[in-house]
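Notes for the one structure printed next.
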Amino acid sequence: MLRSALAAAAFAGLALPAFAGYTFETANPVKEKRVIAESVVWSCDGTVCTGDLKRKSPTVRVCKKIAKEVGTVTSFRNADAELTAEELVECNSVVKK
């Protein structure tokens, strides 16, 4: 019985989507402590916000959704990847001036 419970728990762990820790930074401090973008609640402190996103790597599309909420994004990354300077320019094209 214990084996089947452990096997079920292990299988459930494989079946659940992986969440990756992401960070984005902004040019100006974010006014709210919590921001919702891309169906993620981002916790913000000053110019740094963190959240868990179901993606393998950061994308310009997601960055644009964040930029619409908080303004100019200066970096968007996880432990494995980061947007390039060119991608950040494209991301910030949606920011109202």
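At-a-glance table
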| read-out | value |
| --- | --- |
| Hits in segment 63-75 - residues which are open to solvent by less than 40 Å² (accessible area, probe 1.4 Å) and under 10 Å from Thr26 (Cβ atoms) | Ile66, Ala67, Val70, Gly71, Val73, Ser75 |
| Positions within segment 22-62 being among the β-branched types (Val, Ile, Thr) and either open to solvent by 60 Å² or more (accessible area, probe 1.4 Å) or assigned to a loop (DSSP other than H, G, I, E, B) (or both), in sequence order | Val30, Ile36, Val41, Thr47, Thr50, Thr59 |
| Glu90 open to solvent by 50 Å² or more (accessible area, probe 1.4 Å), assigned to a helix (DSSP H, G or I), charged (D, E, K, R) and more than 23 Å from Lys33 (Cα to Cα) | yes |
| Residue check for Glu82: at pLDDT 95 or above and surrounded by 13 or more Cβ atoms within 10 Å (Cβ to Cβ) | yes |
| Hits in segment 63-87 - residues which are in a loop (DSSP other than H, G, I, E, B), touching a strand residue (DSSP E or B) at 6+ places or on another chain (Cβ under 9 Å) and of a type in the set (Gly, Ala, Ser) | Gly71, Ala79 |
| Hits in segment 21-43 (condition: more than 22 Å from Ala85 (Cα to Cα), more than 8 Å from the chain's Cα centre (by Cα) and of a type outside the set (S, T, N, Q)) | Lys31, Glu32, Lys33, Arg34, Val35, Ile36, Val41 |
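The values are calculated or read from the model by the stated rules, or taken from the named source; none is laboratory data. What you are looking at is a predicted structure, and each value in this text was computed from that prediction instead of being measured. Neighbour counts are summed over all protein chains in view; Cβ atoms, including those assigned to glycine, are modelled from backbone coordinates with ideal geometry. Side chains are part of the model used for accessible areas, which takes the heavy atoms of the whole protein and leaves out ligands, DNA and RNA. Shrake-Rupley method; radii C 1.70, N 1.55, O 1.52, S 1.80 Å.
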